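I have placed the structure first, in the form of structure tokens, so that the comments after it can refer back to it.
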Amino acid sequence: MTTDSPYEFLIARPDWDRAVRELLTRRGSWAVGLVRRNQHALRHEFLARHLAVVPRAPEGREFLPLADWVAIAAPETFREASLCERLAALTPLPGQTLILLNLGLGPDRSGWEGCIVHRRAAQPLDAFRVVGPGMLHVRRIAEGSRPQAIWPTQTDTGEPEDRWSRTRGAVGAAVLSRLIESNVAIFGASRNGSLTAWQLAALGVRKLVLIDPDRLAVHNLNATFAFEEADVGQFKVEALAQHLNRFRSDLAVCGLPWSAADPRVVDRIRDADLLVTCVDSDAPRLLCARLATQWLKPHLDIGTGVHRAGDGARTIAADVRLLLPGEGCVACVGGLRELEQAQDDLLLGPGTLPLRPAIPWHEQRAGSLVTINAMAVSAGVQLWLDLLGGDLRHSHWSRLLWQPGQGLSVDEADVTGLPDCAICRGKAVRSSIGD
């Protein structure tokens, strides 16, 4: 296996915390599991799954001959075992790919080193990521230098006034660095999607991928952000990308005028660090729920609407869900109107006749308001900032309700998924989307 892309190992935060805690308290134990691959232009990722702590070093013969697996170890005593010594104990088979991570190195036990072994040839692991609070991303540095600490501290750099100085002052240098490095895929480029894109661009995100098959209509202008009358008739994603590039010339923004069911979409968002859905239909929500599980990515779902009851009373509300891998999805936490319909939409693909007619928007809600949209998007983006800073520890759901004449009320809580969810707990589900 050869590639010019860096090799990175990804693990969900709950698995990481559990493994590190047990490795440090049970000397001589190993964290072992299978890995799934996700290769794209930026890097070659190996994603941990089914991780368990065992009392001894595993051996390659305990796995299938062509398995991809991971082994994580910490020092058994005050003497640090080298990677070569670790590999000698593991003996991977010739057809296997092994990710080996050695933790707890150095006087303060904060160092690490790792390698990837393929056909019994080893090369360095370039980085590993912990997906969850803090979104830890630790890279290997130059040969002969000490690797990055596993638990880096957040410090302010004191850089002079620049475009990001006030953002840096508000969130800290470490979070700003993670923002600037981030790639975000946004499904939906209308009301909530356009505002989300602008907020992320204003925060410094370096790359945005916008997915929406629709063209801009006159009725979109009242609550979308930055579109102009001259944009009517253009694909929403293309017009939005042009405006964003005028706002920030260094922003890499790509507009994909395709539906979520288009197989090209999956390949174009493999490198995303965050998946966002701001949509009316459930197919993109289901797609992102599956990809968030398969690729270990957070999923931010934002939905708003104004509904009118039979007596004429209005309900102005929004739901904002930030869901972490292994801690629920829109199928089991809430957010899908009909799972079977969403599955059918993804299976049929673009350009085919739907099995059920689409429900007109005015039969689902009375309308939309830019005011509640702005509050919901801001709450969602702030949740992601809290995740990057390590303040948000679990999947979270916020329900915003504006009561006319009384003001805003917020009902929110950490959430978790159902243990038997077919989407986010690894069970087989009918779908045309592969790894």
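Only the coordinates and a few stated rules stand behind these numbers; no lab work does. Just so you know, these numbers come straight off a predicted model, no measurement behind them. Neighbour counts run over all protein chains shown; Cβ positions are idealised from the backbone, glycine included.
Some observations on this one:
- In this calculation the C-beta distance from residue 215 to residue 401 is compared with R0 = 41 Å, giving a FRET efficiency of 0.80.
- No disulfide-compatible partner, judged by a Cβ distance under 4.7 Å, exists for the following cysteines of the chain: 84, 115, 254, 278, 288.
- Given charges at Cβ of Lys, Arg, Asp, Glu: the chain dipole, positive-most of 326, 96, 423: 96
- Taking the chain as a Gaussian network of alpha-carbon nodes connected by springs under 10 Å, the highest mean-square fluctuation of the residues 326, 312, 28 belongs to 312.
- Environment charge of residue 411, counting only residues whose C-beta is closer than 15 Å and scoring Lys/Arg +1, Asp/Glu -1: -1
- Counted over the chain, the DSSP beta bridges are approximately 65% antiparallel.
- Karplus (6.51, -1.76, 1.60) ³J(HN,Hα), θ = phi - 60°, over the stretch 101-106, in Hz, Gly and Pro reported as x: 10, 10, 10, x, 8, x
- Whole-Hz couplings from phi, Karplus 6.51/-1.76/1.60, listed for the stretch 289-295; x for Gly and Pro: 4, 5, 5, 4, 6, 5, 10
- Summed residue charge, Cβ within 13 Å of residue 194's Cβ, Lys/Arg positive, Asp/Glu negative: -3
- Relative packing of peptides 173-181, 333-341 - highest average C-beta neighbours within 10 Å first: 173-181, 333-341
- Helical mean residue ellipticity (222 nm; -39500 (n - 2.57) per DSSP H run of 4+; nearest 500) of the chain: -8000 deg cm²/dmol
- Taking amide H as placed 1.01 Å from N in the peptide plane, the amide H of residue 258 sits under 5 Å from that of 212, each at least 5 places away or on another chain.
- Shape call, the chain: gyration tensor on alpha carbons, a/c limit 1.5: prolate
- Largest mean-square fluctuation among 53, 35, 237, in a Gaussian network model of the chain whose springs join Cα atoms under 10 Å apart, belongs to 53.
- Compared with the direct C-alpha span, the chain from residue 39 to residue 232 gains 65.8 nm at full extension, assuming 0.36 nm per residue.
- Given charges at beta-carbon only (K, R positive; D, E negative), |dipole| of the chain in Debye: 720
- Amide H partners (placed H, <5 Å) of residue 305, local residues excluded: 317
- Couplings 3J(HN,Hα) for the stretch 383-388, derived from phi with the Karplus relation 6.51 cos²θ - 1.76 cosθ + 1.60 (θ = phi - 60°), are 4, 5, 4, 5, 5, 4 Hz, where x marks Gly and Pro.
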